[in-house]
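Before any comments, here is the structure.
The values are calculated or read from the model by the stated rules, or taken from the named source; none is laboratory data. If you're wondering where the values come from, they're calculated on a predicted model, not measured in any experiment. Don't worry about glycine lacking a Cβ; one is built from the backbone with ideal geometry, like all the others, and counts go over all protein chains shown.
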Amino acid sequence: MRAPGALTAHLAGIGTALPGPPVDNAALSARLGVSAAWIDHFIGTRTRHFCRDLDGGRIRMRLADLCARAAERALADAGVTADELTFLVLATATPDALMPTTAAEVADRLGADRIPAYQIQSGCSGAVQALTLATALLAAAPAAGRRPLGLVVGGDVCTKHLDVDRDFTALPPGELVNYVLFGDGAGAAVLGRGGPGRAVLTAAWHRFEGLAREPGQRLEWFGAADRDDGTPAVAEDYKAVQERVPELARAALEETLTTLGWDRGDLDYLLPPQLGGRMTARITEELTQGLGCAAVNCVADTGNNGNALVLLQLEQLLDRLGAGERAVGVAVESSKWITSGFALVGSDERGR
């Protein structure tokens, strides 16, 4: 993690995009033949948004559509245009294709020509990885000339990997959970070196912590040679996630506070890991004990849409974060156990 004061990234604008109307547990129960009470008790997510129509199977939007929409809203929120961007970083676990990258597709749709367009392949920690890379790119930009601006985008379309025509009554819990846990969505943030901005990003870090540990989640990419080998497209070790994520989240929160020199009482907002509604509520309750800060959660209403989650939380946070107020966020990716954290301070140089 960078030392306090080393980051000069100002968060100038934020935007998000969710596809279609929210799908509640009653509608999901009717389509899948799974008890709505089971969904509420086991997962605790109330609604989620899907790019695919559950009844007809028609794909209404793809990842590039969602990401471009969120990016346009972030640019408008920041009061800048795409031709002012210095670079774009996009994080996803579910790209529309292996090539061309979704990052390049989004840059094309925005009209952001002749800029670096990076794509990070990761899960729930990917958006924080993108923030970390963006701050490094901003710091390395030439001092002379126009203010460097970067666009960070995170999104996932999880429903592309789920077969809605299966016999759900025969699925084991490890597979069934994926049909009720996940949703689709995207978010974007404009970062600049120096103000104005709605908040200052004072820390952003991530690291691999899965040495000799089995993955908590696998998301396959099937080619023509292996698509019919019987391997499930998505596999979740929900028990391992329940056991390990709270432990990693606690350590990440304490490390972020310690590195910044912040006392626990200095914290005004916490952005905890977003998994499912019920697990997130348990982790939030544990992390906020003795802190006296407010938690910013979204997953119970949006579903777990992977790389969009941190940016959805940030959008909610920025509507509440006052000048000088402090916030810390934690994201834990169970795929091969990646921990990440970030911190912000509310700015009085909003430029709005």
Among (1) of a type outside the set (Ser, Thr, Tyr); (2) out of contact with any helix residue (DSSP H, G or I) (no Cβ under 7 Å at 6 or more places or on another chain); (3) assigned to a loop (DSSP other than H, G, I, E, B); (4) farther than 30 Å from LEU318 by Cα, there is one condition ALA37 misses while meeting the rest; what is its number? (3)
Where residues in the range 313-352 are among the hydrophobic types (A, V, I, L, M, F, W, C) and surrounded by fewer than 24 Cβ atoms within 10 Å (Cβ to Cβ), which of them is farthest from ILE283 (Cα to Cα)? ALA323
Got at least one residue in the range 204-217 being in contact with a helix residue (DSSP H, G or I) (Cβ under 8 Å, 6 or more places away or on another chain), among the hydrophobic types (A, V, I, L, M, F, W, C) and either over 22 Å from ASN304 (Cα atoms) or at pLDDT 95 or above (or both)? yes
Which count do you get for residues in the range 41-53 that are at pLDDT below 90 and either surrounded by fewer than 17 Cβ atoms within 10 Å (Cβ to Cβ) or among the small types (Gly, Ala, Ser) (or both)? 2
Scan the range 281-303 residue by residue and report those that are part of a helix (DSSP H, G or I), of a type outside the set (D, E, K, R), closer than 22 Å to ARG46 by Cα and free of Cβ contacts under 8 Å to residues at least 60 places away in the same chain. ILE283, THR284
Condition met for VAL310 (among the hydrophobic types (A, V, I, L, M, F, W, C), buried (at least 24 other Cβ atoms within 10 Å of the Cβ) and assigned to a strand (DSSP E or B)): no
Cβ contacts < 7 Å: first residue more than 19 Å from ASN25 (Cβ to Cβ) and buried (at least 16 other Cβ atoms within 10 Å of the Cβ), restricted to the range 163-186; second residue modelled with pLDDT under 75 and of a type outside the set (Phe, Trp, Tyr), any location; separation 6+ or different chain. Result? none
